[in-house]
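Asks: Below you'll find the structure I mean.
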Amino acid sequence: MKLLTLASQDKTRATVLSVLAAITIIIPLCNVLTPADSALHFSAYTVSVIGKYLTFALLGLSLDLVWGYCGILALGHGAFFALGGYAMGMYLMRQIGTRGVYGDPLLPDFMVFLNWKELPWFWYGFDNFAFAMLMVLLVPGTLAFVFGWLAFRSRVTGVYLSIITQALTYALLLAFFRNEMGFGGNNGLTDFKDILGFNIQSEGVRSMLFFLSGVALIGAFLLCSWITSTKLGRVVTAIRDQESRVRFLGYRVEMFKLWVFTFAAMLAGVAGALYVPQVGIINPSEFSPLNSLEIVIWVAMGGRGTLYGAIIGAVVVNYSKTVLTGLLPDAWLYILGGLFIVVTLLLPDGIVGLLQRKLKEQAA
Amino acid sequence: MKQFADDLFGEKDKIAASSLVVEGSVDTRHGPILYMEDVSVSFDGFKALNQLSLYIDAGELRCMIGPNGAGKTTMMDVITGKTKPDTGSVFFGQTIDLLKMDEPAIAQAGICRKFQKPSVFDALTVFENLELALKANKSTWKTLFFRLNGEQRDKIEEVLATIGLTDCIQQRAGILSHGQKQWLEIGMLLMQEPKVMLVDEPIAGMTHQEVERTAELLLSLQGKHSIVVVEHDMEFVRSIARKVTVLHEGSVLTEGTMDEVQNDPRVIQVYLGG
């Protein structure tokens, strides 16, 4: 019985992995190898949209680790995504150089516009790609670590924790809206030109970013699968189900939560960093509490506590969003809310749970 | 900052130096392994424990009885660090001040607890439940890279045999019967190689045979571990107890053998109402 579910789980995992690998390799390859008028050629729009889904899937995956496995309903996970995105955006801004509207070699346009005379200290180093990539991990990681340290050590759990994570992302939203913060205010960072010296608009770079998003997603999926299969994974599941009992076994529950929360925040940061060059902009709206709620809906839709469920959920919900906001722009939020209610009431294990039930019925 | 670093690197688990009066491990040269002196706990004016003093000897099997609300569970909460008392002191051996430690530190020092309601991890298998309880370095990174060695595997199998769940090794704990869950939790206690076992109502929901086996098990463990059993079933208490402590309104009413205790007029009054 246990073996059966394990095997079927592994089969699903293998299927998801092969589909991801196929997408990651075929789409960029087709675009690089075939001429623009070929039937095998994907439009720049398609590539960037699917690339965006891949980064969302990575974001959903990281939330599933926190929520599905550790039981922390984090409603501010989008903040870490946005911070990773801003770190990447800052690198891309520094690459513009004299090609900005004002042609200032050092200051990004919005700073010249605000009449700033010198670069704020926290913008230093972001002209270096390696440093910026380090910040993609460290900024979300540090915030999650400090926030998690304070929250978990004080044993803030459940609804209270969810509310303060919402407050966290809302506070960041308000802060990043302010011009004085030095991150471009409500316009955010945009008008990117180059990445590592290559034109960010070029098809090759877009294909490469797409490829990297796929690789990051597959890598993160494998890493998360491994983590959940270790003893730490089992401790984390135990914490989800009976937190206080785990303490009496001698485990420092707060440290385990902190570990998972920080790790997931770093994954979310990577997702944000891959998202920004593909959509070409990062602005404070990414911190909006609504965005973080949407991530929760992806994971719930897909089926939490499975990892691949989060990937499937992120892609399905976002694809629906792309299609439906085109067809019925005003109805999307109602549909999203409706979907969430349907999933919560009728499909507690999400799409993945439904599929597995169908498969089992067929097998029986 | 020091506190921060200690928490982070698990230094706290090595029995914080501040809670040791004398360096070393559990000092039981004077006999008792657990000292509770003048411990009082009140919740909103209700005195759950009222100047409770209690001494448990090393290797002893002690039974605690008392009517509902006598403070048995609160006593366990205080010993295991879940509840901090308003006054009084709680020492583990001569030298370890339990009031300065939190739940994980106390558990790692060797005081383990079985809960009244069986608290096993339903989503994990019997084997994984025991593996989780296994005495080992329980910091995050060490847990992430944990590999079970042969000795530890043997230990798990030995405990499985002791608690009679060898055939259920790969079953999810959630589908075990109530009695089996109780056994699994006792097994999890054994995995921690505790010096003191606090066992809250071990036979609730067990069949007659299971009760007998539990009694045998507890009797076989005394000497190696100090065991405190809280139980309502007088017949069961009679079958295992050398020494019985009666709690009433948060303090010790009387102590002695089962016969002494049962013939004590104060005990009769408490149980039957005066």
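The values are calculated or read from the model by the stated rules, or taken from the named source; none is laboratory data. Note that the structure is a prediction, hence the values are computed from the model and not measured. Virtual Cβ from ideal backbone geometry, glycine too; neighbours counted across all protein chains shown.
Asks: Quick one: count up the residues across region A:68-103 that are modelled with pLDDT of 95 or more, out of contact with any Pro (no Cβ under 7 Å at 6 or more places or on another chain), small (G, A, S) and over 22 Å from A:D349 (Cα atoms).
Replies: So the answer is 7.
Asks: Would you check which residues across region B:89-117 are among the β-branched types (V, I, T) and under 16 Å from B:M197 (Cβ atoms) and list them? Spell out how you get there, then give the answer.
Replies: From region B:89-117, those among the β-branched types (V, I, T) are B:90, B:95-96, B:106, B:111; that's our starting set.
Within region B:89-117, B:I106, B:I111 qualify.
Asks: List the helices (runs of 4 or more DSSP H) inside region B:102-182, counting only whole elements, that have at least 3 residues being under 23 Å from B:E201 (Cα atoms) and in contact (Cβ under 8 Å) with a residue 60 or more places away in the chain.
Replies: B:103-109
Asks: While we're here: Identify, from the list A:F210, A:F183, A:F221, A:F263, the residue that is in contact (Cβ under 8 Å) with a residue 60 or more places away in the chain and in a loop (DSSP other than H, G, I, E, B). Break it down stepwise before answering.
Replies: Details: A:F210 fails: in a loop (DSSP other than H, G, I, E, B); A:F221 fails: in a loop (DSSP other than H, G, I, E, B); A:F263 fails: in a loop (DSSP other than H, G, I, E, B).
That would be A:F183, the only listed residue that is in contact (Cβ under 8 Å) with a residue 60 or more places away in the chain and in a loop (DSSP other than H, G, I, E, B).
Asks: Any idea how many residues of region A:147-180 are within 27 Å of A:E118 (Cα to Cα) and not in a helix (DSSP H, G or I)?
Replies: Of all residues in region A:147-180, those within 27 Å of A:E118 (Cα to Cα) come to A:171-180.
Among the residues that remain, those that are also not in a helix (DSSP H, G or I) are: A:178.
Residues meeting the conditions: 1.
Asks: Something else: Return a yes/no flag: does region B:79-99 have any residue that is in contact (Cβ under 8 Å) with a residue 24 or more places away in the chain, facing chain A (nearest Cβ under 8 Å), in a strand (DSSP E or B) and buried (at least 19 other Cβ atoms within 10 Å of the Cβ).
Replies: no
Asks: For B:R242, only one of the following conditions fails: (1) in contact (Cβ under 8 Å) with a residue 12 or more places away in the chain; (2) in contact with a Ser or Thr (Cβ under 8 Å, 6 or more places away or on another chain); (3) crowded, with 16+ Cβ neighbours inside 10 Å; (4) not aliphatic (A, V, I, L, M). What is its number?
Replies: With respect to (1) in contact (Cβ under 8 Å) with a residue 12 or more places away in the chain; (2) in contact with a Ser or Thr (Cβ under 8 Å, 6 or more places away or on another chain); (3) crowded, with 16+ Cβ neighbours inside 10 Å; (4) not aliphatic (A, V, I, L, M), B:R242 is out only on (3).
This table checks each residue for (1) buried (at least 24 other Cβ atoms within 10 Å of the Cβ); (2) touching a residue at least 40 places away in the same chain (Cβ under 8 Å).
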{"site": "A:Y53", "(1), (2)": "no, yes"}
{"site": "A:A57", "(1), (2)": "yes, yes"}
{"site": "A:S62", "(1), (2)": "yes, yes"}
{"site": "A:A74", "(1), (2)": "yes, yes"}
{"site": "A:F81", "(1), (2)": "yes, yes"}
{"site": "A:G84", "(1), (2)": "yes, yes"}
{"site": "A:A87", "(1), (2)": "yes, yes"}
{"site": "A:Y102", "(1), (2)": "no, no"}
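Asks: Given the conditions (1) assigned to a loop (DSSP other than H, G, I, E, B); (2) over 23 Å from A:A238 (Cα atoms); (3) touching a residue at least 60 places away in the same chain (Cβ under 8 Å); (4) touching a helix residue (DSSP H, G or I) at 6+ places or on another chain (Cβ under 8 Å), and given that B:I227 satisfies all but one, which numbered condition is not satisfied?
Replies: Failed condition: (1).
Asks: Continuing with this model, one more query. Inside region B:115-141, can you point out the residues that are over 26 Å from B:I79 (Cβ atoms) and of a type in the set (D, E, K, R)?
Replies: Within region B:115-141, the first condition is being over 26 Å from B:I79 (Cβ atoms), and the residues that meet it are B:122-128, B:140-141.
The answer is B:D122, B:E128.
Asks: I'd like the full set of residues that are in contact with a Lys or Arg (Cβ under 9 Å, 6 or more places away or on another chain) and either among the small types (G, A, S) or not in a loop (DSSP other than H, G, I, E, B) (or both), limited to region B:58-73. Don't jump to the end; show me each part of the working.
Replies: Taking region B:58-73 as the starting set, the residues that turn out to be in contact with a Lys or Arg (Cβ under 9 Å, 6 or more places away or on another chain) are B:58-66, B:71.
Answer for region B:58-73, where residues must be in contact with a Lys or Arg (Cβ under 9 Å, 6 or more places away or on another chain) and either among the small types (G, A, S) or not in a loop (DSSP other than H, G, I, E, B) (or both): B:A58, B:G59, B:L61, B:R62, B:C63, B:M64, B:I65, B:G66, B:G71.
Per-residue answers, yes or no, for (1) closer than 30 Å to A:H41 by Cβ; (2) at pLDDT 95 or above; (3) in contact with a strand residue (DSSP E or B) (Cβ under 6 Å, 6 or more places away or on another chain):
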| residue | (1), (2), (3) |
| --- | --- |
| A:N179 | no, no, no |
| A:N199 | yes, no, no |
| A:V236 | no, yes, no |
| A:D241 | no, no, no |
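Asks: Right, here's the next one. For region A:341-364, how many residues meet the condition of being over 25 Å from the mean Cα position of the chain (by Cα) and either within 16 Å of A:A314 (Cα to Cα) or not polar (S, T, N, Q) (or both)? Lay out the reasoning, then the answer.
Replies: As a first pass, look at region A:341-364 and keep what is over 25 Å from the mean Cα position of the chain (by Cα): A:345-346, A:356-364.
Filter again for either within 16 Å of A:A314 (Cα to Cα) or not polar (S, T, N, Q) (or both), leaving A:345-346, A:357-361, A:363-364.
Result for region A:341-364: 9.
Asks: Take region B:71-101 and flag every residue that is closer than 19 Å to B:P202 by Cβ and among the hydroxyl-bearing types (S, T, Y).
Replies: Of everything in region B:71-101, those that are closer than 19 Å to B:P202 by Cβ and among the hydroxyl-bearing types (S, T, Y) turn out to be B:T73, B:T74, B:T80.
Asks: Test B:E235 against the criterion of being at pLDDT 90 or above, over 16 Å from the mean Cα position of the chain (by Cα) and outside any loop (DSSP other than H, G, I, E, B), and give yes or no.
Replies: Numbers: at pLDDT 90 or above: no; over 16 Å from the mean Cα position of the chain (by Cα): yes; outside any loop (DSSP other than H, G, I, E, B): yes.
No.
Asks: Mind listing whichever residues of region A:216-275 are more than 9 Å from chain B (Cβ to nearest Cβ), of a type in the set (S, T, Y) and under 25 Å from B:S119 (Cβ atoms)?
Replies: A:T228, A:S229
Asks: In this structure, does A:I72 turn out to be within 28 Å of the chain's Cα centre (by Cα), part of a loop (DSSP other than H, G, I, E, B) and among the hydrophobic types (A, V, I, L, M, F, W, C)? Write out each step before concluding.
Replies: Numbers: within 28 Å of the chain's Cα centre (by Cα): yes; part of a loop (DSSP other than H, G, I, E, B): yes; among the hydrophobic types (A, V, I, L, M, F, W, C): yes.
Considered against the rule, which asks whether it is within 28 Å of the chain's Cα centre (by Cα), part of a loop (DSSP other than H, G, I, E, B) and among the hydrophobic types (A, V, I, L, M, F, W, C), A:I72 comes out as yes.
Asks: Taking the conditions exactly as written (out of contact with any Phe, Trp or Tyr (no Cβ under 8 Å at 6 or more places or on another chain), surrounded by fewer than 21 Cβ atoms within 10 Å (Cβ to Cβ) and at the interface with chain A (Cβ under 10 Å from one of its Cβ atoms)), does B:F145 satisfy them or not? Let's see the steps before the verdict.
Replies: Working: out of contact with any Phe, Trp or Tyr (no Cβ under 8 Å at 6 or more places or on another chain): yes; surrounded by fewer than 21 Cβ atoms within 10 Å (Cβ to Cβ): yes; at the interface with chain A (Cβ under 10 Å from one of its Cβ atoms): yes.
Yes: the conditions hold for B:F145.
Asks: State all residues of region B:153-197 that are surrounded by fewer than 16 Cβ atoms within 10 Å (Cβ to Cβ), of a type outside the set (V, I, T) and within 21 Å of A:T230 (Cα to Cα); if no residue qualifies, say none.
Replies: Those that are surrounded by fewer than 16 Cβ atoms within 10 Å (Cβ to Cβ), of a type outside the set (V, I, T) and within 21 Å of A:T230 (Cα to Cα): B:R153, B:D154, B:E157, B:Q170, B:G174.
Asks: Within region A:296-306, is there a residue that is surrounded by fewer than 24 Cβ atoms within 10 Å (Cβ to Cβ) and within 14 Å of chain B (Cβ to nearest Cβ)? I'd like the intermediate steps shown before the answer.
Replies: Quick first cut of region A:296-306, residues surrounded by fewer than 24 Cβ atoms within 10 Å (Cβ to Cβ) only: A:296-297, A:305.
So of that shortlist, the ones also within 14 Å of chain B (Cβ to nearest Cβ) come out as A:305.
Yes: region A:296-306 contains one or more residues that are surrounded by fewer than 24 Cβ atoms within 10 Å (Cβ to Cβ) and within 14 Å of chain B (Cβ to nearest Cβ).
Asks: I want to confirm something. Restricting to region B:102-150 and keeping residues that are of a type in the set (A, V, I, L, M) and over 21 Å from A:Q242 (Cα atoms), which single residue is farthest from the chain's Cα centre (by Cα)? Break it down into steps so the answer makes sense when it comes.
Replies: The first filter runs over region B:102-150 and keeps only residues of a type in the set (A, V, I, L, M), leaving B:105-107, B:109, B:111, B:120, B:123-124, B:126, B:130, B:132-134, B:136, B:144, B:148.
Keeping just the survivors that are over 21 Å from A:Q242 (Cα atoms) gives B:109, B:148.
Details: B:A109: 12, B:L148: 25 Å.
So the residue we want is B:L148.
Asks: When you look at B:F115, is it within 12 Å of chain A (Cβ to nearest Cβ), modelled with pLDDT of 95 or more and either at negative phi or buried (at least 17 other Cβ atoms within 10 Å of the Cβ) (or both), yes or no? Spell out how you get there, then give the answer.
Replies: Details: within 12 Å of chain A (Cβ to nearest Cβ): yes; modelled with pLDDT of 95 or more: no; either at negative phi or buried (at least 17 other Cβ atoms within 10 Å of the Cβ) (or both): yes.
Here the answer is no, as B:F115 does not meet what is asked.
Asks: Which members of region B:126-138 meet the condition of being more than 7 Å from chain A (Cβ to nearest Cβ) and more than 16 Å from B:G150 (Cβ to Cβ)?
Replies: B:V126, B:N129, B:N137
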